[in-house]
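The values are calculated or read from the model by the stated rules, or taken from the named source; none is laboratory data. This structure is a prediction, so every number in the text was calculated from the model and none was measured. Heads up, the Cβs are rebuilt from the backbone with ideal geometry, glycines too, and the neighbour counts pull from every protein chain shown.
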Amino acid sequence: MRTSIRWGDEQFAEAGLAVGYLALAAAVVASYTAPATGYELSIYAATPAATWAALAVVAVISVTVFLFVERYLAPAVLLGGLGAATVAGLPLIRSYHFYGRSDSLVHLGLARSIGVGNDPLQLFYPGSHLIATGLAKVAAVDVPRAMMLVMWAYTLLFFASVALCVWFLVPDRRALGVGAFSAFLLLPVNNVSTYLHFHTYSIGMLFVPFVLYLVFSHLIGGDGRERLVERVADGRGAIDRAGLGFDDTAAFDVELRRPVPTSYLLPPVLVAIVLVHPQIALNVMFLLSGIAVAQHAFRRFSPNHSLAGYRLVTLQTVFLVVAFAVWIATHEWQFVNTAEAMIESVSDFVTGDGSTTPRVERQGESASSIGASIQELFVKLFGVAAIYSVLAAGVVVGRLTGYLGPLAGGGSMRSTPDTAKDVTALFFAGCLLLFPFFAAHFVGSISTYLFRHVGFLMMLATIFGAVGVRYLLDEESSVSDVDYPWAEPQGRSAGRRIAASLPDAKTMAAVAAVVLVLSLSLATAFPSPFVYLSGSHVPEGEMDGYERAFATQSGGSPVWFGGVRHTSDRYEVALYGAAGAPWDRQVNPSPKKSSPVPAQAMLDGLPAYYENHPEEIVRRDHYFVVAEADRQREVGAYRELRYSAESFEAVAAQPDVGKVRDNGELTIYFVDSGADPSANAADDRERIASGGWRGATGVEPRVRAQSTIPSASIRSQSRFPSSVTP
């Protein structure tokens with residue numbers, strides 16, 4: 001359709017963009033001046049409302065200008081990108097100490113171990129850790145903040161790379177913008193197995209579009225598309241064929257290809273992706289292998305077909321296979337475990353002993369218990385992704401069957417042959433090898449990794465789905481139909497020109513739809529109670545509480561830790577290095593952990609629970625740790641599914657349980673179980689033999705101001721820790 005919006009003078013668009021950039025600055029300032037002061041269950045709820053209001057203005061202006069004013073397409077896309085980057089960078093802007101729990105805490109410990117001189121090449125995926133430790137030293141920032149910066153940088157790379165991939169497939173500026181806005185949705189991040197915190201698989205997944213763009217460019221190397229800056233900044237839209245020496249009748253000879261910079265950049269990037277995460281490298285290896293097989297098949301059986309003329313990716317595929325094999329050969333302990341689990345899961349399923357997606361079934365049951373449905377969760381987490389998946393499938397099928405031809409207004413200089421169609425066909429061949437591998441993750445215990453691969457597929461769907469969106473825009477609104485100021489009739493009154501510039505209902509509906517999709521998708525970029533999850537914020541007080549508890553003790557104090565849903569091991573790793581790391585540990589003796597405590601034990605009495613524990617080794621005194629994050633997660637996000645507010649309150653009132661440390665973020669209770677004294681005496685002997693409990697340097701760590709509440713209800717004061725003093 002021909003758009004009805006008429007901007008009159010270009011000052012209207014300029015004024016709108018000026019307001020948008022001012023709103024962006026206001027959003028950043030509002031967030032920066034409201035740093036986190038404690039654990040935040042939801043980063044969305046804790047961020048000032050002024051930030052979200054300003055970002056809403058940014059979204060409306062950037063989308064409106066992008067859709068209807070070609071002249072200002074680049075600054076509109078940039079405005080939208082900065083707004084999306086602001087959302088992705090909220091943990092940094094709001095001065096989070098660290099963002100990411102579970103595996104992220106382990107990665108924090110590994111990065112710190114590398115920073116003190118341990119060999120990073122002994123790790124299974126040291127790539128991102130090396131970048132983080134290097135950044136920490138060069139920029140003089142703490143390792144936790146450096147890791148958050150690395151994750152944010154990979155997110156920005158994902159934004160740019162997806163836009164370039166879409167631009168390759170549909171070579172006009174409107175497609176570049178569609179690709180960028182599609183990337184801003186962050187569809188590969190599902191918060192089930194892929195995240196926006198430091199998670200090596202997620203980092204590798206966000207890195208893949210950059211690899212794909214290099215593969216795209218390698219396939220058609222030498223066609224002039226390396227003139228990136230000129231194409232983006234020429235102000236005319238798609239590149240002009242005549243300006244590059246092509247005329248409408250010239251055939252594009254795919255046999256004559258000169259090497260291009262991207263071809264030389266591809267091998268080191270493939271090595272990098274192996275170091276970032278070998279699983280991602282394996283996925284890329286399947287893709288490239290499928291492409292290489294298809295290329296050789298066409299050259300052998302149909303040498304006159306256009307697919308037979310593209311530059312081969314055989315050497316790049318072999319290079320990646322060799323790099324992957326060498327890396328796995330030196331780290332087979334990790335790879336063999338995963339491979340054995342996959343083989344066992346598939347075998348059990350084939351013989352009828354296994355089931356499909358057991359993890360999904362368990363999470364569905366948990367969601368139902370708190371009043372949510374699996375359908376609701378699907379819409380929130382995967383609704384927009386499902387739309388893009390349908391569009392991506394439609395684009396692939398349409399291009400392969402010829403139902404979708406090149407865009408009429410695309411301005412592509414590649415008309416003979418249609419390289420976008422051919423490249424789509426090659427990548428479809430690659431996916432034919434990839435899909436069976438992903439399908440194996442639907443069964444048995446290996447299904448734990450299923451949603452990792454769903455995230456990978458959504459990365460591909462983002463690219464090809466954006467192409468589908470570009471086709472929809474071509475049907476509805478062509479850039480060439482926009483009315484420019486110089487086309488206005490002379491003598492028109494200012495009032496009529498202003499009235500003509502106001503959007504009609506259809507225009508407003510289009511903008512509202514895009515903003516709604518952006519809002520819904522970015523609302524699930526971080527975990528929050530909106531999707532029945534808790535935030536991944538790790539406040540400094542929580543880490544400090546664990547550090548002091550680990551690093552100080554008095555004669556006879558216990559080193560056994562229990563907790564809610566989790567134990568102390570990941571925090572120990574984050575502070576002192578991983579127990580399973582190839583290098584020596586830095587904590588001596590190691591804190592001992594026992595299984596998480598159920599809610600009923602918190603209600604009935606922790607001393608009796610430990611004294612009568614079925615495992616004899618656990619029958620001894622304990623530290624019982626409760627973080628503010630535990631309380632908010634169970635009561636707020638999980639709606640008391642496993643632990644009630646009453647169970648948390650009951651702990652402090654129990655006899656033989658005393659609070660020894662409470663800094664507002666972490667509360668540590670000493671539980672005198674009354675168990676066999678010999679078990680506690682053994683712990684004492686181990687501590688004395690090791691020379692006490694010290695940190696990596698042999699001295700106690702830094703001591704921060706703490707508020708402590710001495711216990712008055714503990715029996716064996718001889719074993720009560722003296723570390724309650726600040």
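Rundown of residues vs (1) surrounded by fewer than 20 Cβ atoms within 10 Å (Cβ to Cβ); (2) within 30 Å of F530 (Cβ to Cβ); (3) modelled with pLDDT under 85; (4) in contact with an Asp or Glu (Cβ under 7 Å, 6 or more places away or on another chain), yes/no style:
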site: R639; (1), (2), (3), (4): yes, yes, no, no
site: V651; (1), (2), (3), (4): no, yes, no, no
site: Q654; (1), (2), (3), (4): yes, no, no, no
site: G674; (1), (2), (3), (4): yes, no, yes, yes
site: G691; (1), (2), (3), (4): yes, no, yes, no
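Within the range 521-544, residues that are buried (at least 21 other Cβ atoms within 10 Å of the Cβ) have Cβ atoms under 6 Å from residues that are among the β-branched types (V, I, T) and assigned to a loop (DSSP other than H, G, I, E, B) in these pairs: A525/V189, counting only partners at least 6 apart in sequence or on another chain.
Only one of the numbered conditions (1) part of a loop (DSSP other than H, G, I, E, B); (2) surrounded by fewer than 19 Cβ atoms within 10 Å (Cβ to Cβ); (3) modelled with pLDDT of 95 or more; (4) not β-branched (V, I, T) is violated by R2, and that is (3). For V321, the conditions (1) modelled with pLDDT of 90 or more; (2) not assigned by TED's automatic domain parsing to the domain that holds L123 are fulfilled apart from (2). Yes or no: the range 93-102 includes at least one residue that is at pLDDT 90 or above and hydrophobic (A, V, I, L, M, F, W, C). Yes, some residue in the range 93-102 is at pLDDT 90 or above and hydrophobic (A, V, I, L, M, F, W, C). Within the set F216, F210, F181, the sole residue that is closer than 26 Å to P126 by Cα, in contact (Cβ under 8 Å) with a residue 40 or more places away in the chain, in contact with a Leu (Cβ under 9 Å, 6 or more places away or on another chain) and not in a loop (DSSP other than H, G, I, E, B) turns out to be F210. Within the range 269-312, take every residue that is more than 26 Å from the chain's Cα centre (by Cα) and buried (at least 23 other Cβ atoms within 10 Å of the Cβ) and give me the one that is farthest from S161 (Cα to Cα). Once the filter is applied, the top-ranked residue is Y310.
Residue count for the range 610-637, restricted to those that are outside any strand (DSSP E or B), modelled with pLDDT under 90 and under 19 Å from K659 (Cβ atoms): 2.
For the range 563-593, filtered to residues that are under 30 Å from the mean Cα position of the chain (by Cα) and assigned to a strand (DSSP E or B), the residue that is modelled with the lowest pLDDT is K593. If you take the residues in the range 183-194 that are of a type outside the set (A, V, I, L, M) and at pLDDT 95 or above, which one is nearest to Y532 (Cα to Cα)? Ranking the qualifying residues of the range 183-194, first place goes to P188. Looking only at the range 122-167, how many residues end up being among the aromatic types (F, W, Y), in a helix (DSSP H, G or I) and either surrounded by fewer than 23 Cβ atoms within 10 Å (Cβ to Cβ) or at pLDDT 95 or above (or both)? Number satisfying all stated conditions: 4. Taking the range 618-637 as the search range and keeping residues that are in contact (Cβ under 8 Å) with a residue 60 or more places away in the chain and β-branched (V, I, T), which one is surrounded by the fewest Cβ atoms within 10 Å (Cβ to Cβ)? Applying the filter and picking the extreme gives V626. A count restricted to the range 643-661 and to residues that are without any contact (Cβ under 8 Å) to a residue 40 or more places away in the chain and either touching a strand residue (DSSP E or B) at 6+ places or on another chain (Cβ under 8 Å) or among the aliphatic types (A, V, I, L, M) (or both) stands at 3. The one condition from (1) surrounded by fewer than 23 Cβ atoms within 10 Å (Cβ to Cβ); (2) small (G, A, S); (3) under 28 Å from T317 (Cα atoms) that G179 does not meet is (1).
Scanning the range 511-534 for residues that are of a type in the set (A, V, I, L, M, F, W, C) and not in a helix (DSSP H, G or I) yields a count of 4. Criterion applied to V143, V106 was being farther than 25 Å from V60 by Cβ and free of Cβ contacts under 8 Å to residues at least 60 places away in the same chain, and the one residue passing it is V143. Looking across the range 25-52 at every residue that is β-branched (V, I, T) and in a helix (DSSP H, G or I), the one that is nearest to the chain's Cα centre (by Cα) is identified as I43.
Between L79, L55, L22, the distinction of being touching a residue at least 40 places away in the same chain (Cβ under 8 Å) and either in a helix (DSSP H, G or I) or more than 17 Å from S519 (Cβ to Cβ) (or both) belongs to L79 only.
The set of residues from the range 273-297 being touching a helix residue (DSSP H, G or I) at 6+ places or on another chain (Cβ under 6 Å), of a type in the set (G, A, S) and farther than 18 Å from L450 by Cα comprises S289, G290, A292, A294.
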